[in-house]
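Down below is the structure, laid out as structure tokens.
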Amino acid sequence: MAWFRGVGLARFRRYRPSRDFGNLYIHERMLADEVRMRAYREAIAAQIRPGDVVVDLGTGTGILAILAERRGARVYAIDHSPFIDVAREVAARNGARNIVFVEVNSRAFTPPEPVDVILHEQIGDDLFEEDMVANLLDLKRRTLKDTGRILPGAFELFLEPVQLKEEFRVPHIWEPRHDGIDFSFLADRRELDRYRHPGYPYSILGGWAVDRLLCDPEPALRFDLNRMRDPGELQRAVRATRTVTRAGRMDGLLLYFTVIFDETTRFETSPVQTRTHWTNRLFRTPARAYAAGDTVRYRLSLDELTSARRWELTLV
Ligand SMILES: C[S@@+](CC[C@H](N)C(=O)[O-])C[C@H]1O[C@@H](n2cnc3c(N)ncnc32)[C@H](O)[C@@H]1O
């Protein structure tokens, strides 16, 4: 059932970080996200010590750089967006004097001294689309002390079978409804391919749209940037077998993730936890009822890591 793969995506919008983050509203949403902010505040308080040299990769409004500076760190705050002028102004108005702001892409930045902590929030809705893995491992290799660390460094990616709430569900066109009018020929792959939009297999939702998770969650993928040297070490092919614990209709597999700072501080974008500003991508599957004890098996290949639209998900 590999038909719900993305097709012909080249025409579609590529990720444009400086344009996307030049918009004040996205920064307002990130600052308003208490789940996110609480975790960063806690982790910075626990992990950053006076005298530490910190690089804040992608400083945005400067919020993380300022929190680190208040811990007594010397901070290099970098961003490739001209929005960094806002961060510079915020720091000046809030008496944060120990921060050097540089408008630069991380790939072109080398601080004048070795680094204790690379602080970042390079976390996209689909986890990888800000090129977090390659950017952070590049900066780590070139600047981090052997004793240094990336904060946050560990992540878990989930793809969980879900039933949506009825009002958020968009049934496939061939499902029997519509006053008995028959659309069933469109269930045929060749017919469907003539009409479907490249984004057809996916929809972008918030946790509010989810009625239930059908299984007890298990990460499809785990990785720790503090243990990795090269993006090639990241697993790109996942096979999962999941047992249904809550009977229901599977409408698709929902992407969310956990961000792990240390043993005590983490947060997740799960639909059954407190809502964050991150959205969830639903990999739609044909609606199917599952009983408790049934299994859901899927294969996922993440060849093009930074574009989840190009990931290939196959129910097996
Ligand atoms: C998700 S925002 C986080 C902003 C801020 N750190 C916060 O937590 O509110 C990511 C920021 O990283 C910047 N950015 C992304 N990739 C970058 C790179 N490779 N080098 C420099 N800045 C980058 C973007 O312009 C954006 O401002």
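The values are calculated or read from the model by the stated rules, or taken from the named source; none is laboratory data. It should be emphasised that the depicted structure is a prediction, and the values quoted were computed from it without experimental measurement. Every residue, glycine as well, gets a Cβ built from its backbone with ideal geometry; the counts of neighbours run over all protein chains shown. Remember, those area values only see protein heavy atoms, side chains included, never the ligands or the DNA or RNA. Shrake-Rupley method; radii C 1.70, N 1.55, O 1.52, S 1.80 Å.
Is one or more of the residues making up the stretch 131-142 acidic (D, E), in contact (Cβ under 8 Å) with a residue 60 or more places away in the chain and within 14 Å of the ligand (Cβ to nearest atom)? Yes, some residue in the stretch 131-142 is acidic (D, E), in contact (Cβ under 8 Å) with a residue 60 or more places away in the chain and within 14 Å of the ligand (Cβ to nearest atom).
Out of curiosity, is A92 open to solvent by 30 Å² or more (accessible area, probe 1.4 Å), away from the ligand (no atom under 12 Å from the Cβ) and either in contact with a Cys (Cβ under 7 Å, 6 or more places away or on another chain) or over 21 Å from M132 (Cα atoms) (or both)? Answer is yes for this residue. The number of residues in the stretch 185-199 that are within 18 Å of E175 (Cβ to Cβ), small (G, A, S) and at pLDDT below 75 comes to 0.
If the condition is being more than 10 Å from the ligand (Cβ to nearest atom), under 23 Å from H277 (Cα atoms) and in contact (Cβ under 8 Å) with a residue 60 or more places away in the chain, then the stretch 39-51 contributes A39, E42, A43, I44. Test E113 against the criterion of being open to solvent by 10 Å² or more (accessible area, probe 1.4 Å) and within 12 Å of the ligand (Cβ to nearest atom), and give yes or no. No: the conditions fail for E113.
Here is the figure for the stretch 98-109: residues that are within 13 Å of the ligand (Cβ to nearest atom), open to solvent by 10 Å² or more (accessible area, probe 1.4 Å) and in contact (Cβ under 8 Å) with a residue 12 or more places away in the chain total 8.
For the stretch 200-226, the set of residues classified as open to solvent by less than 10 Å² (accessible area, probe 1.4 Å) and farther than 23 Å from F168 by Cβ consists of L221, L225, listed by residue number. Among the residues of the stretch 68-89, those that are within 13 Å of the ligand (Cβ to nearest atom) and either open to solvent by less than 40 Å² (accessible area, probe 1.4 Å) or hydroxyl-bearing (S, T, Y) (or both) comprise A68, V75, Y76, A77, I78, D79, S81, F83, I84, A87. The residues listed here are R229, R169; of these, the one that is touching a residue at least 40 places away in the same chain (Cβ under 8 Å) and open to solvent by 70 Å² or more (accessible area, probe 1.4 Å) is R229.
The residue that is modelled with the lowest pLDDT, counting only those in the stretch 271-309 that are buried (at least 17 other Cβ atoms within 10 Å of the Cβ) and among the basic types (K, R), is R309. Within the stretch 52-67, the set of residues being without any contact (Cβ under 8 Å) to a residue 60 or more places away in the chain and more than 6 Å from the ligand (Cβ to nearest atom) comprises G62, A65, I66, L67. Every condition in (1) in contact with a helix residue (DSSP H, G or I) (Cβ under 7 Å, 6 or more places away or on another chain); (2) closer than 21 Å to L225 by Cα; (3) without any contact (Cβ under 8 Å) to a residue 24 or more places away in the chain is met by W174 except one, and the failing one is (2). Selection within the stretch 176-207: residues that are aromatic (F, W, Y) and assigned to a loop (DSSP other than H, G, I, E, B). The member of this set that is farthest from L254 (Cα to Cα) is F183.
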